[in-house]
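S.K.: Starting off with a structure, shown below.
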There are 2 protein chains.
Amino acid sequence: MHQTFNAAIELNLLHANQEGANHNRTHFDEWGITCLNLMSSPGAGKTVLLEKTLAALQDKLSMAVIEGDMTTELDADRLRQYNVPVIPINTGRSCHLDSKMVAGGIHTLKQEYDPETIDLVLVENVGNLVCPAEFEVGEHAKVALLSVTEGEDKPLKYPVMFQEADCLLISKIDLAPYLDIDLERIAQNVRQMNPDVKIIYVSAQTEVGLNLWFDWLLTQVQNNSLVTTT
Amino acid sequence: MHQTFNAAIELNLLHANQEGANHNRTHFDEWGITCLNLMSSPGAGKTVLLEKTLAALQDKLSMAVIEGDMTTELDADRLRQYNVPVIPINTGRSCHLDSKMVAGGIHTLKQEYDPETIDLVLVENVGNLVCPAEFEVGEHAKVALLSVTEGEDKPLKYPVMFQEADCLLISKIDLAPYLDIDLERIAQNVRQMNPDVKIIYVSAQTEVGLNLWFDWLLTQVQNNSLVTTT
């Protein structure tokens, strides 16, 4: 995150954000919604993964998207074609979604739709491999994407994102044959930061691995609904 | 950048950073050094570009690198093989270099080398397409890289970086044949944000475009030395 004038301001900032995140999660739990927070560098494939997910799971889940971008509704417009609620949030100059912004998104969602009918809210964060990992928004799990084009060393160089992730998608594996890269080495570096993370290799182009992602996602929704209804 | 508690804190933060950047630039000018600040998403190819640059221009320029990373000296170690001063800065949890960190790097450089003998300091920023663009470090020009794998829409979605850049390298063009991408569209989107930016298409693998980058860089050093010696 940005270094501010002193550690006290930073701690207050993170503390206030965490309180807001807990508040958001309480709402999600009341409504029986599972929330996932998708994070990655710009262009690692978050939006196309959401497109594939909305198309594949529309008969199994009632889904909504909270779509974070600094500017434009380009991604929101892509996702609206799947006939799900899409709530855009433009962060302006801010490099990540925070819990207050997502609270605003939840408020809009609640005004326009019945949240009790929604099973899953997918939050697409601003493309940034650093800052979003530090700002919880009320999600039940964090999903990080790392494109094979970004290189093997990224888990070591940007540790927080990989330490925080519950599920790590190694994306664009269709491009691996054209790169000087070792897919297994990427996974080893991820596990060095986070031994327990679920790792799935995917390609949105060839659709390799997408079924594994859908299975993981459906299990999250199922487990979460068991927790919140007991 | 991160949204803090109020706009006053943010303005103070940026103001203090700018003062530090001006101070750093004054030192660079006194020593006849040109400083370039390289910025991009993680994995867009900043380090390999520096490797190619150090190898190609070692007989023409005396160079040094200030190497920013959250953790590790992986990139610094790669660049040390080119027998130039490499000053690593680990930013910890911070998502960008600021002028105070770079001032520390300049201090180290001055202790270990004679800054009067250096023509060019290349600063490699933390991989992040958002925050580094807002924090000047004392550079004479900003260089941004955008990999073709990141997609055509990134200049529209992450405008600040593209507005701030003096030179924009569209990198990894050797991968373009395997992507559903229009190289000219990327450039159009960049120009929409910044009509005057110098755009160069490069591939570190095939070395296409690197001579244009070297020419641009040498012109910067030449023009800057003319300014600071008159």
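S.K.: B:Ile33's amide H: which non-local residues (gap 5+, or another chain) put their own amide H closer than 5 Å, with H modeled 1.01 Å from N in plane and none for Pro or chain starts?
M.R.: Distant-sequence amide H within range of B:Ile33: zero hits.
S.K.: Next up: Work through the residues other than A:Thr47 whose Cβ is under 11 Å from its Cβ and net out their charges, Lys, Arg +1 and Asp, Glu -1.
M.R.: -3
S.K.: Would you please give the residues with an amide H less than 5 Å from that of A:Asn194, counting only those at least 5 places away or on a separate chain, with H modeled from the backbone geometry?
M.R.: Hits under the 5 Å cutoff: none.
S.K.: Please enumerate, by chain and number, the lysines with C-alpha under 26 Å from the C-alpha of A:Lys198, excluding those fewer than 8 residues away in the same chain.
M.R.: A:Lys46, A:Lys52, A:Lys60, A:Lys142, A:Lys154, A:Lys157, A:Lys172
S.K.: Given the options A:Lys46, A:Lys142, A:Lys154, which has the most mean-square fluctuation in a GNM of chain A, springs set between C-alpha atoms less than 10 angstrom apart?
M.R.: A:Lys154
S.K.: Can you find, among A:Met70, A:His27, A:Ala8, the residue sitting farthest towards the positive end of the charge dipole of the stretch A:2-228, where Lys and Arg contribute +1 and Asp and Glu -1 at Cβ?
M.R.: Of the options given, the answer is A:Ala8.
S.K.: Contour minus end-to-end for A:Ala16 and A:Thr219, with contour as 0.36 nm per residue of separation and end-to-end as the Cα-Cα distance?
M.R.: 70.0 nm
S.K.: Taking every residue in A:65-74, how many Cβ atoms of other protein chains lie within 10 Å of its Cβ, on average?
M.R.: 3
S.K.: Sticking with this one: For peptide B:174-180, compute the average count of partner chain beta-carbon atoms within 10 Å of each residue's beta-carbon.
M.R.: Average neighbour count from other chains, rounded to a whole number: 3.
S.K.: Still on this structure, I have one more. Once you list every other residue whose beta carbon is under 12 Å from the beta carbon of A:Leu79, what net charge do they have if Lys and Arg are +1 and Asp and Glu are -1?
M.R.: Once positives and negatives cancel, what remains is -3.
S.K.: For the stretch B:123-152 and the stretch A:36-106, write down the distance between their C-alpha centroids in whole Å.
M.R.: Centre-to-centre (Cα) distance: 24 Å.
S.K.: With charges set only on the Cβ (+1 for Lys and Arg, -1 for Asp and Glu), what does the dipole of the stretch B:1-135 come to about its Cα centre, in debye to the nearest 20?
M.R.: Charge dipole, the stretch B:1-135, about its Cα centre: 240 debye, nearest 20.
S.K.: Along the Cα-to-C-beta direction of B:Thr72, a point sits 7 Å from the Cα; which residues of the stretch A:146-188 have their amide N less than 13 Å from that point?
M.R.: Residues passing the 13 Å test: A:150-163, A:182, A:185-188.
S.K.: Additional query: Could you give me the ³J(HN,Hα) list for the stretch A:90-95, computed from phi with Karplus coefficients 6.51, -1.76, 1.60 and θ = phi - 60°, whole Hz, x at Gly and Pro?
M.R.: Once rounded to whole Hz, the list reads 8, 8, x, 8, 6, 8.
S.K.: Go through the stretch B:171-230 and name the trypsin sites (Lys or Arg not before Pro) that are in a DSSP coil and have 14 or fewer other Cβ atoms within 10 Å of their Cβ.
M.R.: Here no trypsin sites (Lys or Arg not before Pro) fit, given the DSSP loop and packing criteria.
S.K.: Okay, next question. Long-range amide H contacts for A:Ile89: which residues qualify at under 5 Å (H placed 1.01 Å from N, peptide plane, sequence gap of 5 or more or a different chain)?
M.R.: A:Glu67, A:Gly68, A:Asp69
S.K.: Same structure, new question: Hey, got the average number of other protein chain Cβ atoms within 10 angstrom for residues in A:92-100?
M.R.: Partner Cβ neighbours, averaged per residue: 5.
S.K.: Would you compute, from DSSP H runs of 4+ residues alone, the mean residue ellipticity of chain B at 222 nm, taking -39500 (n - 2.57) per run and dividing by the full residue count, rounded to the nearest 500?
M.R.: -13500 deg cm²/dmol
S.K.: Now for a different question. Using 1/(1 + (r/R0)^6) with R0 = 60 angstrom and r between the beta carbons of B:Asp114 and A:Asp59, what's the FRET efficiency to the nearest 0.05?
M.R.: That pair, B:Asp114 with A:Asp59, gives E of 0.30.
S.K.: Something else now. Looking at chain A, do any whole DSSP H helices span at least 24 angstrom along their long axis by alpha carbon and average -1.0 or above on Kyte-Doolittle, and which?
M.R.: Going by DSSP H runs, the hits are A:7-31, A:210-229.
S.K.: Can you work out ³J(HN,Hα) from phi for every residue in the stretch B:165-182, in order, using Karplus 6.51 cos²θ - 1.76 cosθ + 1.60 and θ = phi - 60°, giving whole Hz and x for Gly and Pro?
M.R.: With coefficients 6.51, -1.76 and 1.60, one gets 5, 8, 9, 10, 9, 8, 9, 6, 5, 5, 8, 3, x, 9, 10, 8, 8, 10 Hz.
S.K.: At 0.36 nm per residue, and after removing the present C-alpha to C-alpha distance, how many nm does the segment from A:Leu212 to A:Ile199 gain when stretched out fully?
M.R.: 3.7 nm
S.K.: What is the local net charge at B:Val208, summed over the other residues whose Cβ is closer than 11 Å to its Cβ (Lys, Arg +1; Asp, Glu -1)?
M.R.: Net charge around B:Val208: -1.
None of the figures in this text is laboratory data; all of them are computed from the coordinates on show. This one's a predicted model, so the numbers in the text were calculated from it and none came from an experiment. Cβ sites come from the backbone with ideal geometry, for glycine too, and all protein chains shown count toward neighbours.
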